[in-house]
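First the structure, in the form of structure tokens, and then the observations on it.
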Amino acid sequence: MWGGRFSEAPDAVMEAINASISFDQRLAAQDIAGSRAHAAMLAAVGILSDRDAEAIREGLLTVLSEIETGQARFSAALEDIHMNVEARLTELIGEPAKRLHTARSRNDQVATDFRLWVRERCDEAEGLLVTLLRACLAQAEAGADWVMPGFTHLQTAQPVTWGHHMMAYVEMFARDLSRLRDARARMNECPLGAAALAGTGFPVDREMTARELGFDRPMANSLDAVSDRDFALEFLSVATISAMHLSRLAEELVIWSSAQFRFVRLSDRWSTGSSIMPQKRNPDAAELLRAKIGRILGANVALLTVMKGLPLAYSKDMQEDKEQVFDASDSWLLSLRAMAGMVADMTAERETLRAAAASGFSTATDLADWLVRELGLPFREAHHVTGALVAMAEARGCELAELSLGEMRGVHGGITEGVFGVLTVEASVASRRSYGGTAPERVREQVARWREVLG
């Protein structure tokens, strides 16, 4: 490639550290798409003859077919996917292939290829997030009025509904979807035509190239075009936050499916057994998914570290961007598929959830609110009275609703029979009608809203 300048071949170790074909061959389809668009533009502005452009177009389709069918043989001596494609194209069509690289550099070529690849993964992730959102919505709608314990500090706090809990994840994953769409819109600018760093003296039509590749516009600064990897970092940032959300839900599925909780049952499709203990049903899919954030976050930190000290414009350090993004993308997309499958298949154990919700004095806040509302007590005094009643019930080994009216009046003489109307978990969740609350009617409203949003 640069034999005119160098008289010696590279050292074998140099060749090994310099070559990227072992991983950047994943960019083959994007590289060929970019080359076809570039050739069409060169012909349109008169830099290439129509005959050469047609030979290049047909030859590139042949190269792509060979790669897709496994017939291609890649060479580390040619370093990367760009030179491997160009070398094979030259074997197929000869002299016209040597004109293809006019008015471009591998710098803007790889920036374009990589941006196209990440954009495609954004589209794939968007579809998977929508699928996951719909699975969560189905669970929320089915259990809009199923009562379960709400937790803080993993201690029973107040009753909520299963639907409300699932809708919390709808909000999380919807933010992931919003961030992803924002990132995709921002990355949809075309680097091709920036050449090595300064643009080109040939009369290229960068608007045409951008349109051919589905970009909104060309990038406005040639230095930025070849050195920017913000699009990859944003993709990794979105993936990291989303993987964190997936990990939180996975953690709950691990806890909920345990023999100690039995809140949910994961289907056989998402569980495994033990080689020695025949009774076991292990939530391995959830556990593995919970761990994936380590790889995705690691990729995010790794690429930030690669980029943080680079002067403009392109540096070879940036070859280290792809493996991080490839691995993180694979892990995130697999995790989204797995979580959508688990959520769609899992069965919530309604009676177990209800029984758990009724334990642990979960309606204590409802009692305190009743004292404020009905007796006019300041909330801090109501809190104190309720705490004393909880301590009494705990000492007797019963729930609040099982205390007698006389026992309650022994703590505060103003308590009436009406207090028992707020001490059931059903009454508790039904009363939480504020916007965003757990009342079944609020849950159903949010389900309907999100179904309309998703279409």
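The values are calculated or read from the model by the stated rules, or taken from the named source; none is laboratory data. These numbers come from a predicted model, not from an experiment. Ligands, DNA and RNA are excluded from the accessible area calculation, which covers all protein heavy atoms including side chains. Shrake-Rupley method; radii C 1.70, N 1.55, O 1.52, S 1.80 Å.
Two decimals is fine: what's Rg over Rh for the chain, C-alpha atoms, Kirkwood radius as Rh? Working shown, then result.
Values: Rg = 30.5 Å, Rh = 26.3 Å.
That ratio equals 1.16.
With all protein chains present, how much of the accessible area of the chain (probe radius 1.4 Å) comes from carbon and sulfur, to the nearest whole percent? Working shown, then result.
Values: 11110 of 21350 Å².
Percent of accessible area from carbon and sulfur atoms in the chain: 52.
How far, in degrees from 0 to 90, does helix 50-68 lean away from the longest principal axis of the Cα atoms of the chain, to the nearest 10?
Relative to the chain, helix 50-68 is tipped by roughly 50 degrees.
Compute the relative contact order of the stretch 357-454 as a whole-number percentage, counting only Cα pairs closer than 8 Å that sit 6 or more residues apart in sequence. Mind showing how you got there, number by number?
Numbers: 84 pairs, mean separation 25.4, N = 98.
Once normalised by length, the contact order is 26 percent.
Only Cα pairs under 8 Å and at least 6 apart count here; give the relative contact order of the stretch 107-356 as a rounded whole percent.
Numbers: 363 pairs, mean separation 62.9, N = 250.
That works out to 25 percent.
Kindly identify the stretch 210-309 as rounded, prolate or oblate by the Cα gyration tensor criterion: order the square roots of the eigenvalues as a ≥ b ≥ c, call it rounded if a/c is under 1.5, otherwise compare a/b with b/c, prolate if a/b is larger, else oblate.
On the way: a/c = 3.78, a/b = 2.86, b/c = 1.32.
It comes out prolate by the Cα gyration axes.
Two decimals is fine: what's Rg over Rh for the stretch 12-102, C-alpha atoms, Kirkwood radius as Rh? The partial results should precede the final answer.
Details: Rg = 13.4 Å, Rh = 13.4 Å.
Dividing the radius of gyration by the Kirkwood radius yields 1.00.
Can you list residues whose amide H is under 5 Å from residue 190's amide H, if they're 5+ apart or on another chain and H is modeled 1.01 Å from N?
Correct list: 217, 219.
Over the residues of the stretch 21-65, compute the C-alpha Rg and express it relative to 2.2 N^0.38 Å. Please list the in-between numbers first.
Working: Rg = 11.6 Å, N = 45, 2.2 N^0.38 = 9.3 Å.
Rounded to two decimals, the normalised Rg is 1.24.
Which of the lysines could be linked to residue 322 by a straight reach, that is with a Cα gap under 26 Å, when you skip same-chain ones fewer than 8 residues away?
292, 308
Tell me the Rg and the Dmax, in Å, that the Cα atoms of the stretch 266-339 produce.
18.1, 60
Grab the eigenvalues of the alpha-carbon gyration tensor for the stretch 107-356, scale each by 5, take roots, and send me the semi-axes largest first in whole angstrom. Before the final figure, lay out the partial values.
Values: eigenvalues 385, 66, 41 Å².
Semi-axes from the Cα gyration tensor: 44, 18, 14 Å.
Rank these residues by their accessible area, most exposed first, probe 1.4 Å: 265, 451. Please list the in-between numbers first.
On the way: 265 120, 451 90 Å².
Final ranking, largest accessible area leading: 265, 451.
How much mean residue ellipticity at 222 nm does the chain get from its helices, if each DSSP H run of length 4 or more adds -39500 (n - 2.57) and you divide by all residues, to the nearest 500 deg cm²/dmol?
Values: 18 runs with 278 residues, N = 455.
That comes out to -20000 deg cm²/dmol.
Enter the accessible area of residue 383 (Å², nearest 10), with the probe set to 1.4 Å and all protein chains included.
Approximately 100 Å² of residue 383 is accessible to the 1.4 Å probe.
Could you grab the relative contact order for the chain? Cα pairs under 8 Å, six or more apart, rounded to a whole percent.
Numbers: 641 pairs, mean separation 78.2, N = 455.
Relative contact order here is 17 percent.
I need the phi-derived Karplus couplings for the stretch 412-420: 6.51 cos²θ - 1.76 cosθ + 1.60, θ = phi - 60°, integer Hz, Gly and Pro marked x.
8, x, x, 5, 10, 4, x, 4, 5
Roughly speaking, what is the centre-to-centre gap between the stretch 76-104 and the stretch 117-185 when only Cα atoms are used, to the nearest Å?
Measuring centre to centre over Cα atoms gives 47 Å.
Given H placed 1.01 Å from N in the peptide plane, which residues other than close sequence neighbours of residue 156 have an amide H under 5 Å from its amide H?
Those lying under 5 Å, H to H, from residue 156: there are none.
Please list 316, 98, 322 from largest to smallest accessible area, probe radius 1.4 Å, with all protein chains kept in place. Don't skip to the end; give the middle numbers.
Details: 316 85, 98 125, 322 5 Å².
Sorted descending by solvent-accessible area, the residues read 98, 316, 322.
Using Cα-only point scatterers and the Debye equation, what is log10 of I(q)/I(0) for the stretch 357-454 at each q in 0.10, 0.11, 0.19 Å⁻¹, rounded to two decimals?
-0.32, -0.38, -0.88
If amide H atoms are built 1.01 Å from N in the plane of the peptide, which residues on other chains or at least 5 residues away come under 5 Å of the amide H of residue 264?
Residues meeting the amide H criterion: 257, 349.
Could you give each residue of the stretch 159-170 its phi-based ³J(HN,Hα) in whole Hz, using Karplus coefficients 6.51, -1.76, 1.60 with θ = phi - 60°, and x for Gly or Pro?
Using θ = phi - 60°, the values come out as x, 10, 9, 4, x, 5, 5, 5, 5, 4, 6, 4 Hz.
Could you do me a favour and compute the accessible area per residue for the stretch 357-454, 1.4 Å probe, result in Å²? Numbers along the way, then the final one.
Working: 4980 Å² over 98 residues.
Result: 51 Å² of accessible area for each residue.
Just reorder 435, 314, 169 by solvent-accessible area, largest first, 1.4 Å probe, all chains present.
435, 314, 169
When the Cα centres of the stretch 220-275 and the stretch 48-69 are compared, how far apart do they sit, in Å?
That distance is 40 Å.
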